[in-house]
Structure formats: structure tokens, C-alpha cells
1. Take the range 296-322 and flag every residue that is within 18 Å of residue 361 (Cα to Cα) and not in a loop (DSSP other than H, G, I, E, B).
2. Suppose we keep only residues that are within 18 Å of residue 184 (Cα to Cα) and part of a loop (DSSP other than H, G, I, E, B) within the range 282-294. Which one would you say is nearest to the chain's Cα centre (by Cα)?
3. Restricting to the range 299-311, name every residue that is in contact (Cβ under 8 Å) with a residue 40 or more places away in the chain and touching a helix residue (DSSP H, G or I) at 6+ places or on another chain (Cβ under 8 Å).
4. Could you look through the range 398-421, keep only residues that are in a loop (DSSP other than H, G, I, E, B) and surrounded by 10 or more Cβ atoms within 10 Å (Cβ to Cβ), and pick out the one that is modelled with the lowest pLDDT?
5. Filter the range 330-383 for residues that are assigned to a helix (DSSP H, G or I), at pLDDT below 90 and farther than 18 Å from residue 403 by Cβ and give the result.
6. For the range 178-200, which positions are closer than 15 Å to residue 249 by Cα and either modelled with pLDDT under 90 or out of contact with any helix residue (DSSP H, G or I) (no Cβ under 6 Å at 6 or more places or on another chain) (or both)?
7. Let me confirm something: among 331, 283, 311, which residue is over 27 Å from residue 257 (Cβ atoms) and buried (at least 18 other Cβ atoms within 10 Å of the Cβ)?
8. Return yes or no: is residue 211 modelled with pLDDT of 90 or more and crowded, with 19+ Cβ neighbours inside 10 Å?
């Protein structure tokens, strides 16, 4: 008997020698620790996604992805509860080995979900190629500003004093579709404005061009190509990516230019180019305060901007014109379809023609210039003609052909009776027609 008892003791699982209450406590603590560790990332994903739901500057879908992946990570709570319940249940049934095997399996599943959440979180948080490229250019420009503003020691009354020179560059600002979140797939040119303290000079322009490449990060120096466009007075930074060549155009301006008189000095940049960059900044501020908060505005503008890329008749229609038209139509609280149709009606009705009423530039409060002044008569006629074609396609429910989207599935049309009754005038008119027909038959 002693040998039998000795053999059973040797074959007994060492885990069974631990008291069950201690096992229950250890198992619960183990599950809670794993639960807390795996829930940190999903909670962060949901919080970040909710905070940037309507104002993500990179891609409006990223917050949605974060919330979804965070919700998937929150599913680990259910698995943790199952672990604790199964652990306690199996202890009561004296199946400790099965309990540990099942808990290890569920813990592996939890860790897998946590790692997937980490992967998705890192995938969507990392900036895309466009954002990385533009941010690298902005960082290089800021480094150039520091390089052009060295601290020079000066001696005053035999006392060493450090005099800090005022930097000629105040900062940089993004303009165009990038900062307005209106990018479409074919966009490859992005714009940045360098804001100067005074009227930018040609000397500053050339000096910034010469030192810009050296201020890029080492990882970007071999990937970029910088060109100087003296005709447009811009600096072009090009890079090749998987999506094709991308470019950033750097222009110069100053807030003091509108108040100063026109100067023709060769040392200064032309006033026209500087004012265009300044007005582009004003356009961004106006867009953010008047259009960005309106529902359907961004989608409608992207749709019309896409048309300007695929149609030669609409290539001269700038994004600013489209934004003003959309703002006018959405100010009357209409649906997206009605707003799109009204834009086509405005253009096809002659709004853009030389003898039309035109539209004032809203961000130029001290000017009455028409936003269509830069268009030639031929461009006005082409835009009007193309809008008339689009309105005709829309009337026959074939707008996808106007936008050259032929792979849209056909929707079943329902020819139902109108839900609203005819008004009294129409009823009276129909009655008169019937009575006249009866008289003629008699």
C-alpha cells in the first residue's frame, strides 16, 4: 500500500498540490493583468479616433479606422470574462489542468488581438506619403529660417553683448487643396507659402534656394530634387514615390505688401506673385470659417474638382470658383443633389459669361473684383457649354457619364405615383381640358 501511495504521489500533477483558493486568486490576478495590458491600446485608439472624428487633417477615414480597431480590441473584455468564469468553474470540478490549458489558449487569442490592434494603430497613425513629404519641406524651411538668423555677438562699451537679429522669415503656411482637405487622387502638386517680415527680395529668394537642400533630413536628401523657377518666383521640390512624382511649390509673400506702393526694383519680388500667395492664405481662412463646417461641401467640391481634371473645357475653372459656388448654394439649406444641380444651373445660365452678373471675391473685403476676371471669353464659353451638357445628363439621370464613371451599378428605378397631390389650379386646368374634349366629341 505504501508503494501504491508513493506511486500516486509521484504521478500527481504539482499544480494539484497548490490550494484551490490560491489558484483562483492567482488566476484572477493573471487574467486582470493581461486584460489591462491588452486594453490600453484599444482605449487609446477609440479616444484618439473620437477626438479627431471631424477634423483629421490627413484623411477623414483614419479616425473611423481607429474607432473600429479599438472596438475590436475591446472585445478582449469578453474573452477575459470567459477566462475568469471558466477558471472558477473548472476549479470547482477539479479539472485544474484543463483550466490552465484553456486559459493559455484564450490568453494567446487575446494577445493576438492586442498585437493586431497595435499593428493597425501604427498603420493608420503613421502619416501617409504626402504628409511626410510636405512636413519634411516645412521642417527644412524652418531650419533655413534659423540658419538665416544667426546670433551675432557685438561689443558695446567694451561689454560683450549678444544681439539677436530679426529673422527675415516669420513662418510657413499651407495653402490649396491640402490644407482644405480637398485632395483627389490625381493631385501631385502641393503649395506652401513662406511669410516674410518685409517685402521678399531676390537675394532672400536665391539664398533660401541655395541652403534649402542642406537643411533636409539625411533620409530625404537623396530622394528630392530642388529647382528654382524664377519666372513664377517659386521653389519647386520634387520627389519620386510609389504613387508617382510629387512636388511642393514654395512661394513668398508678406502681410505688409498690400499697404505698400508698387515698386519695380529688380531686388524685390513682383507684387503680383506676392499678392497671389497672400490671397491664397486669405482663401484658406475663408474656407475654414464658411465652408468646412457645411455638410456635403467637401464631397461636392471634390466631385467638381475631379471634373476639372478630366475635362479640357473645365481645366480653367479654379478650385476657388467652385468653393464660392458651393458656398452660395449650400447657404440655402438644400440637399447635396440640389446643390450640385444648382451649381450646374448657375454656370449653364450664363453666370460666368462676360455679360453675366459674376461673383465678388469674398475674402477680398476691400475689393469688388469679379472672381471670373482672369478667364478669357473662350474659357467662359467652354465652361458654360460643359455645364449645360452636365445639366442635360443630370436631367436624364446619367450624371455618371458626364463624370466618366461607367462602372457604377445600375439602380432599379421605381415608377411610383407621386406622393403629393396636384394643386387646385392643375385640377381646374385638367377639368377644363376634359370638358372641352367632351364638347368637341358631341
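1. 301, 319, 320, 321, 322, listed by residue number.
2. Step by step, filter the range 282-294, then rank; the result is 292.
3. 300, 301, 303, 305, 307, 311
4. Taking the candidates together, the pick is 408.
5. The one that is assigned to a helix (DSSP H, G or I), at pLDDT below 90 and farther than 18 Å from residue 403 by Cβ: 330.
6. 178, 187, 188, 189, 191, 192, 194, 195 - these are the residues of the range 178-200 that are closer than 15 Å to residue 249 by Cα and either modelled with pLDDT under 90 or out of contact with any helix residue (DSSP H, G or I) (no Cβ under 6 Å at 6 or more places or on another chain) (or both).
7. Exactly one residue qualifies, and that residue is 311.
8. Taking the combined requirement at face value, the residue does not satisfy it.
The values are calculated or read from the model by the stated rules, or taken from the named source; none is laboratory data. Please read all numbers here as calculations on a predicted model, not as lab measurements. Virtual Cβ from ideal backbone geometry, glycine too; neighbours counted across all protein chains shown.
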